[in-house]
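The values are calculated or read from the model by the stated rules, or taken from the named source; none is laboratory data. Predicted, not measured: the structure shown is a model, and the values here were computed from it. Note that each Cβ is placed from the backbone with ideal geometry, even for glycine, and that neighbours are counted across all protein chains shown.
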Amino acid sequence: QELHTVAEVAVNFDDELPAYGTSGGCHRNGNRVTAPVIMWVESVEKVLDKLKTAPGFPGFGAIAAIGTSAQQHATVYWATGAEQTLKELTVGRPLVQQLSE
């Protein structure tokens, strides 16, 4: 099967998610550079919302994969119980709400 790009959309963290207070999509403190994981979750939801109205977008059924570009190297730490939280996600509620609880 030949795959091709069906749509391209982007989220600018600083402009579209200002509540996280990032500059260049991250927080800098000396040699330490971090980004809120939940900001990334919210940005994925924004991308999916933008796809719905993207010109020529054929619908989510046409998607075989989603490519992202953000951090070159990252370590993500998540709380104990994350696996159970993922198992309990429900359709119809924003991910950012469910993963922030």
Point to revise | Unmet criterion (only one of (1) touching a residue at least 40 places away in the same chain (Cβ under 8 Å); (2) under 13 Å from the mean Cα position of the chain (by Cα)) for Pro36 | key: (1)
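If you go through region 1-46 one residue at a time, how many are aliphatic (A, V, I, L, M), over 21 Å from Pro94 (Cα atoms) and touching a His at 6+ places or on another chain (Cβ under 8 Å)? Please lay out each step first, then the result.
Going through region 1-46, the residues aliphatic (A, V, I, L, M) turn out to be 3, 6-7, 9-11, 17, 19, 33, 35, 37-39, 41, 44.
Checking the rest, the ones that are also over 21 Å from Pro94 (Cα atoms) come to 3, 6-7, 33.
Next, only the ones that are touching a His at 6+ places or on another chain (Cβ under 8 Å) stay: 33.
Going through region 1-46 one residue at a time, the tally reaches 1.
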Exercise for review: Output the qualifying pairs, or none if there are none: Cβ atoms under 6 angstrom, residues six or more apart or on different chains, first residue in region 1-25 and more than 19 Å from Lys52 (Cβ to Cβ), second residue in a helix (DSSP H, G or I).
Suggested key: Tyr20/Met39; Thr22/Phe13; Thr22/Asp14; Gly25/Phe13
Study note, to complete from the structure: Those residues of region 5-37 which are surrounded by 10 or more Cβ atoms within 10 Å (Cβ to Cβ), of a type in the set (Val, Ile, Thr) and either farther than 13 Å from Val96 by Cβ or at pLDDT 90 or above (or both) amount to Val6, Val9, Val11, Thr22, Val33, Thr34
Practice item. Please enumerate the residues belonging to region 30-70 that are under 13 Å from Leu17 (Cα atoms) and among the hydrophobic types (A, V, I, L, M, F, W, C). Key: Ala35, Val37, Ile38, Met39, Trp40, Val41, Val44, Val47
Check your understanding: Quick one: would you say Ala70 is among the aliphatic types (A, V, I, L, M), out of contact with any strand residue (DSSP E or B) (no Cβ under 8 Å at 6 or more places or on another chain), outside any helix (DSSP H, G or I) and at pLDDT below 90?
Key -> yes
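Determine whether region 45-53 contains at least one residue that is under 26 Å from Ala7 (Cβ atoms), outside any loop (DSSP other than H, G, I, E, B) and over 14 Å from the mean Cα position of the chain (by Cα). Please lay out each step first, then the result.
Filtering region 45-53 for residues under 26 Å from Ala7 (Cβ atoms) gives 45-53.
Cutting the leftovers down to outside any loop (DSSP other than H, G, I, E, B) gives us 45-52.
Next, only the ones that are over 14 Å from the mean Cα position of the chain (by Cα) stay: 52.
So far as region 45-53 goes, yes, one or more of its residues are under 26 Å from Ala7 (Cβ atoms), outside any loop (DSSP other than H, G, I, E, B) and over 14 Å from the mean Cα position of the chain (by Cα).
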